[in-house]
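In what follows, a single structure is set out as structure tokens and then discussed.
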Amino acid sequence: GLELSHCVGANSVGPAVPWRSGGPCKMKRVRTVFKPEQLERLEQEFLKQQYMVGTERVDLAATLHLTETQVKVWFQNRRIKWRKQSMEQKAAKLSQFGVIQPATADSTDIKDHEEDTVDVEL
């Protein structure tokens, strides 16, 4: 889930530093581990539509026993992965024909969509 681990205090290895801003300790979000059945269903839904919003997202989250935020972030990350794969395939096709890609066209296209930035919502 979207839980936070305990503070890193004086008895821990390393100094206590704030996670994000202003806190007296370091908080680390626990990474969500999806079950294979959940990933399969999420991938199926992504193939149908790349944007999951509103009641569809709520229903899918409930069906998969996930939070709405987990589903939202999964779709955001999956779109980023899909765009990266698409750009790599395009570059491979162009290289077959001897067309050289500019060096600056690596990840700038991915960052163009502000909606796809991944925010941790607690």
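Numbers at a glance
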{"quantity": "Pair list, Cβ < 6 Å and 6+ apart or interchain, from segment 45-56 residues that are under 10 Å from Arg79 (Cα atoms) to residues that are among the basic types (Lys, Arg)", "calculated": "Phe46/Arg78; Gln50/Arg79"}
{"quantity": "Selection count, segment 50-81, where residues are in a helix (DSSP H, G or I) and exposed (fewer than 13 other Cβ atoms within 10 Å of the Cβ)", "calculated": "6"}
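Every residue, every condition in (1) small (Gly, Ala, Ser); (2) in a helix (DSSP H, G or I); (3) modelled with pLDDT of 85 or more; (4) open to solvent by 90 Å² or more (accessible area, probe 1.4 Å), yes or no:
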{"residue": "Ala10", "(1), (2), (3), (4)": "yes, no, no, yes"}
{"residue": "Pro15", "(1), (2), (3), (4)": "no, no, no, yes"}
{"residue": "Gly22", "(1), (2), (3), (4)": "yes, no, no, no"}
{"residue": "Met27", "(1), (2), (3), (4)": "no, no, no, no"}
{"residue": "Val33", "(1), (2), (3), (4)": "no, no, yes, yes"}
{"residue": "Leu39", "(1), (2), (3), (4)": "no, yes, yes, no"}
{"residue": "Glu43", "(1), (2), (3), (4)": "no, yes, yes, no"}
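The values are calculated or read from the model by the stated rules, or taken from the named source; none is laboratory data. Quantities reported herein were computed from a predicted structural model and do not represent experimental measurements. Counting neighbours? That spans all protein chains shown, and the Cβs are built from the backbone with ideal geometry, glycine included. The area values use the complete protein model at the heavy-atom level, side chains included, leaving out ligands, DNA and RNA. Shrake-Rupley method; radii C 1.70, N 1.55, O 1.52, S 1.80 Å.
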